[in-house]
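Below is one structure, written out as structure tokens; the observations come after it.
Read-outs: derived from the displayed coordinates by stated rules, not from any lab. Note that this is a predicted model, so its numbers are computed, not measured. FYI the Cβ positions are ideal-geometry reconstructions off the backbone, even for glycines, and counts take in every protein chain you see.
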Amino acid sequence: MDARNPVSATAVRYIKLGDGNRLAEQCFRDGTLAVLFREVPSALLDAHDWGAVAAVYAHDGKQTATRRKNELRKFMTEPATTLWLTFHGDHLYWCFAHEAVEHMDGMRQRRVIGAWSNRDINGKPLRKTALHGQLRTTQGYRGTICDVSMAEHALLKINGQTSASVRAALDAAVTMRSALIPMIQSLWAPDFEVFVDQLFRAGGWWHIGEAGGIVADVDLQLYSPLTGEKCVVQIKSTATRGLYDQVQHTLHQYPDYDRRILVCHSPDASLDSIPREALRGELELWDQHRLADQALRMGLVGWLADKAA
């Protein structure tokens, strides 16, 4: 399969590779699509005698017999343009398969075109946690093969794409973040300190010192009950490289703290070379872009609308 081209399919099917998907790793390794239907004579499958196949399961009831017949028919007759999906571990796996069906060791199998993959065409892992819940529930199907109701969603994920509604929301978020920056930069200095305090509170941080500079050179002393980290924060409306170096020296005098942060909504160009993702223990610089992103994430847009000039 050429990963440079978008994936398309005439149909999308879920397949359970053996009872409890126990053949999954073998199929991934061997490049096969396999099912176990030992009760059905090979002659019936080779002849595509689906009525006789259903009769094999008649003792299980009409509904079960029909389901198993349909599953076998799909496995035996689906074209090479059918996309096959399965779940294993924390990932969604996908493949296409050649139409020829082989019989070996009590299994029916088809050779995969290329290889099984648990990544999209751009190489990003297809983790179950990043999939629609309805698609994830497919792995609970008790049979062997079924149609995928979220076929379009699956193809979007495999192609590394998003739906129109998701794209619209993401574009709106980018626009919102850009609009928040001048609002944050317009805040009166005391309101800016309150805003930063609100961000950390929304993120679950507790005060272990008074806000507002009671301790010289420190505006916030914080503790995260979730991670056990302690953090010291200095808040400035503007900052130069000289101020950054000064704050870095000052905050390193607090060795018992895990994180040291300089928050500034209008850093000058001399700070452009400072990495925004600091190494652990180094001084972090939270600029206007980080602040706008956090304000959007933490639901402080309304607060900013009330306070901004």
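No other residue among Thr86, Thr129, Thr66, Thr82 is loosely packed, with under 15 Cβ neighbours inside 10 Å, of a type in the set (Val, Ile, Thr) and in contact (Cβ under 8 Å) with a residue 24 or more places away in the chain apart from Thr129.
Restricting Val35, Val40, Val7 to those that are among the β-branched types (Val, Ile, Thr), assigned to a loop (DSSP other than H, G, I, E, B) and either within 25 Å of Ser149 (Cα to Cα) or under 36 Å from the mean Cα position of the chain (by Cα) (or both) reduces the list to Val7. Once the stretch 90-117 is narrowed to residues that are at negative phi and of a type in the set (D, E, K, R), the residue that is surrounded by the most Cβ atoms within 10 Å (Cβ to Cβ) is Arg110.
Can you confirm whether Leu180 is within 30 Å of Glu229 (Cα to Cα), assigned to a loop (DSSP other than H, G, I, E, B) and touching a residue at least 40 places away in the same chain (Cβ under 8 Å)? Break it down into steps so the answer makes sense when it comes.
Values: within 30 Å of Glu229 (Cα to Cα): yes; assigned to a loop (DSSP other than H, G, I, E, B): no; touching a residue at least 40 places away in the same chain (Cβ under 8 Å): yes.
No; evaluated as a whole, the condition is false for this residue.
Which fully enclosed strands (runs of 3 or more DSSP E) of the stretch 87-138 have 3 or more residues being over 14 Å from Tyr14 (Cβ atoms)?
97-104, 107-112
Kindly provide the set of residues from the stretch 252-309 that are among the basic types (Lys, Arg) and within 18 Å of Ser178 (Cβ to Cβ), ordered by number. Talk me through it step by step, then tell me what you get.
Taking the stretch 252-309 first, the residues among the basic types (Lys, Arg) are 259-260, 276, 280, 290, 297, 307.
Selection gives Arg276, Arg290, Arg297.
Listed by first and then second residue, the pairs with beta-carbon distance under 6 Å, at least 6 apart or on different chains, first residue in the stretch 195-207 and outside any loop (DSSP other than H, G, I, E, B), second among the small types (Gly, Ala, Ser) and surrounded by fewer than 21 Cβ atoms within 10 Å (Cβ to Cβ), are Asp197/Ala211.
So if I check each of Asp272, Asp258, Asp245, which one is in contact (Cβ under 8 Å) with a residue 12 or more places away in the chain and not hydrophobic (A, V, I, L, M, F, W, C)? Show your work before the answer.
Details: Asp272 fails: in contact (Cβ under 8 Å) with a residue 12 or more places away in the chain; Asp245 fails: in contact (Cβ under 8 Å) with a residue 12 or more places away in the chain.
Matching residue, one of Asp272, Asp258, Asp245: Asp258.
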